[in-house]
1. From the list ALA59, ALA27, ALA63, ALA17, pick out the single residue that is among the aliphatic types (A, V, I, L, M) and without any contact (Cβ under 8 Å) to a residue 12 or more places away in the chain.
2. Could you tell me whether any residue of region 490-497 is β-branched (Val, Ile, Thr), open to solvent by 20 Å² or more (accessible area, probe 1.4 Å) and within 29 Å of LYS544 (Cα to Cα)?
3. Residues VAL373, VAL433: which one is touching a strand residue (DSSP E or B) at 6+ places or on another chain (Cβ under 9 Å), among the hydrophobic types (A, V, I, L, M, F, W, C) and within 25 Å of LEU573 (Cα to Cα)?
4. With out of contact with any helix residue (DSSP H, G or I) (no Cβ under 9 Å at 6 or more places or on another chain) and open to solvent by less than 50 Å² (accessible area, probe 1.4 Å) as the only criterion, which of GLY505, GLY574, GLY516 stands out?
5. If you take the residues in region 371-402 that are within 21 Å of the chain's Cα centre (by Cα) and of a type in the set (Gly, Ala, Ser), which one is modelled with the highest pLDDT?
6. Which of the following residues is at pLDDT 95 or above and out of contact with any Lys or Arg (no Cβ under 7 Å at 6 or more places or on another chain): ALA97, ALA70?
7. Quick test for you: out of SER381, SER444, SER439, pick the one residue that is touching a residue at least 40 places away in the same chain (Cβ under 8 Å), out of contact with any Asp or Glu (no Cβ under 7 Å at 6 or more places or on another chain), farther than 20 Å from PRO127 by Cβ and loosely packed, with under 15 Cβ neighbours inside 10 Å.
8. Considering only residues that are open to solvent by 70 Å² or more (accessible area, probe 1.4 Å) and under 35 Å from the mean Cα position of the chain (by Cα), which ones fall in region 272-300?
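The values are calculated or read from the model by the stated rules, or taken from the named source; none is laboratory data. If you're wondering where the values come from, they're calculated on a predicted model, not measured in any experiment. No Cβ is skipped: glycine too gets one built from the backbone with ideal geometry, and neighbour counts run over all protein chains shown. For the accessible areas, the whole protein counts, side chains as well, though only heavy atoms, and no ligand, DNA or RNA atoms are used. Shrake-Rupley method; radii C 1.70, N 1.55, O 1.52, S 1.80 Å.
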Amino acid sequence: MTDPQLVLTERVQQALAAAFGTEYADADPLIRPSQFADYQANVAMSLSKRLRRAPREVAQEIADHLTGSAGDEPFPGTVEVSGPGFLNLTLSDDWIAAQASEILADPRHGVAPSASPQIVVIDYSAPNAAKEMHVGHLRTTIVGDALARVHEHLGNKVIRQNHLGDWGTPFGMLIEHLLDIGEETAVAQLEAGEGNAYYQAARAKFDGDPEFNKRARTRVVTLQSEEPETMRLWHIFMDATVRYFNKVYTQLGVTLTDDDIAGESMYNSMLAQVCDDLQERGIAVVSEGALCVFPPGYISREGQPLPFMIRKSDGGYGYATTDMATIRYRVQDLKADRLLYVIGVTQAMHMSMLFDSARIAGWLPDHVRAEHVQIGSVLGSDGKMFKTRSGESIKLLDLLDEAETRAAAAIQDREYGEAERTEIAHAVGMGAVKYADLSVSHDSEYVFDFDRMLALTGNTGPYLQYAQARIRSIFRRGGVDPSETTGPIVLGHPAERALALQLLGFGAAVEEMAEGSMPHKLAAYLFDTASAFTTFFENCPVLKDDVDPATRASRLALCALTLDVLKTGLDLLGVPVPERM
C-alpha cells in the first residue's frame, strides 16, 4: 500500500483503537490534504463529544499513540496537534522516496488488482440504427469506454453491451424505403452516415403516401414474424449502419466491436415471456388496458401511482419491456455482479423504476449492484443544446474531423514529416475532445468549445499529452531508456518532494474512478500530476552539466515514474499519447 492517505488512515485507526478501545478502530479519521502539513486529520473534533473530552486532549492522545507505540513500526513522519484539535501529519522525505521507488519498480505503478474480481456489464454508446450518430452520443460512448478500460485494468471481467436501437415499428418504413431507392443506394447512404436524411425521406412518404403507409405497416408484421426476405433486408440495413458506427468508433479509438452489439432485436423473443411471467406472479397488472408494474414510491402530480408499462394497451412492447428482459438476461445469463448503464440523465426516472421493478421481480438480487451512470448534455456557447446554426444535431464524424483539422493547424509550424504530423493531429484532436468530456462530472452539462479543448495550458487533453511528450524528450536528449531508469530516488528540492508525493496517489485515483464510476476523478488526478511535473521541470534541472550523477539519476527516476503514471492514466481514459508534440 503506497497511497499516503490510505497509509495514514490505517495508522490513525490503529492509534484510535489503542487509545480509546477497539470499538473506535473503524472511525473515519477524516484525513484531508492540508496547507499546513501534508495531511490533516480532524477525527478528534468528531470524537470529542462521544468521548466527553476536549478535542485537543483527544488529539494529543492520538498523537502520542501514533508516535510513541513501542515495538510498532515507526510513524513515517511527524505529528503535530494544532488549533482546537487538528492533527497535522507530515510524511518524511525518506518514506516518500522509498514508496516512490517501490512503485517505479512495480509494473502496475501502485494500482493493485481487485482482490475479488467481478463480472461488470457496461451498457454504453447505444445509438439508434434509424438515425446517424450525433454529438449526443459522444458522452455515453466516451464515458462508458473509460469505465470498461479501468475495470479491465483492475482485473474485472468486463462485458460491453452496445444496446442499439435496431428494432420496432419504424423499421417497416425504413425497409420499404430501402426497396424504393434500391439496396445499393441505401447502403451507400447509410454507410456515409446519412441516416437522418434516409429516415426523414422514409417518414415523409409514410405520412404522405397512403400506399407506402400500407406497405410499411405490412412490413412491420413480416418483420415481427421474422419472415426470411424481410430479415434479409433488415440485415442489409443494419450491416450498412453498423459499418458507419464503426467508422466513428475507430476514429474515437474506443474499444467497442461488433461482438459487443446487443441491440433491441436480441431480446425480441424474450418479451412475451417477460410479460407472462410478471403477470402470472401478480407483479404486473392490467391498468387501462396496459400491463404495468407499480413500484412503490412513484407518484404522479395528481397523486396517483405511476405505472412502469410492460405492455401497451394495443399489445405492443416498449422500452420498459426490452429493458426488463435485458436486466434479467444480464443477471441470469451473463452472471453480472455489477451493472453500469451509461445513459442520459433525462432517463433517471425510467432507470430508477426499472431497477425497482426488476428487484420486485427477483431479477435483480441484492448482491448485484445496478447503477445509472447519468450523462449530462453537451451545450453550445449559447448555453443551449449543441446544434448547427440551422438547428440540426451536429454529426459526430463531422465534429471529430473538425477537431483533427484544428489540431493539425495548431502544429503546422512544427518540423514533422507528413505521416507524423497526421498522427499527432489525430491524437491531439481526439485527446482534446475526449478529455474535455471526461474531465467534468459525467452527470453535469458542459460547453463544447474547441479553443478551450485544444489549449496547451489549463486542464486540457493537450496539456497532459504535452507533459508526457516533454518527459519523453528529456530521455531522448539524455540518450536514456525510461524503462531502464531505476534511481534511487532521493528528495531534496520541494518540487521533487511534491511530485513524488503526488505520484503515490495513482492507485487510489484509479480505484476511486472504478468504485464511483467517476472518470473526472482520475482526470483531475492526472492534471494535478502534470502540474506538479511542470513545477518540478521548471525548478529541478535533469540533464545540465552541473547536476551531480546521483541527483541526475534520482530526477530521471522521477521523470520515468511520472511518464508511466501519465501514460497509463491517459490510456485508461482512452486518451491517446503521442510521443512528440
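1. The match here is ALA17.
2. Yes; the residues of region 490-497 include at least one that is β-branched (Val, Ile, Thr), open to solvent by 20 Å² or more (accessible area, probe 1.4 Å) and within 29 Å of LYS544 (Cα to Cα).
3. Answer to the selection: VAL373.
4. After applying the criteria, what remains is GLY516.
5. Among those residues, the one meeting the criterion is GLY376.
6. Unique residue meeting the criteria: ALA97.
7. Answer to the selection: SER444.
8. GLN273, PHE294, PRO296, GLY297, ILE299
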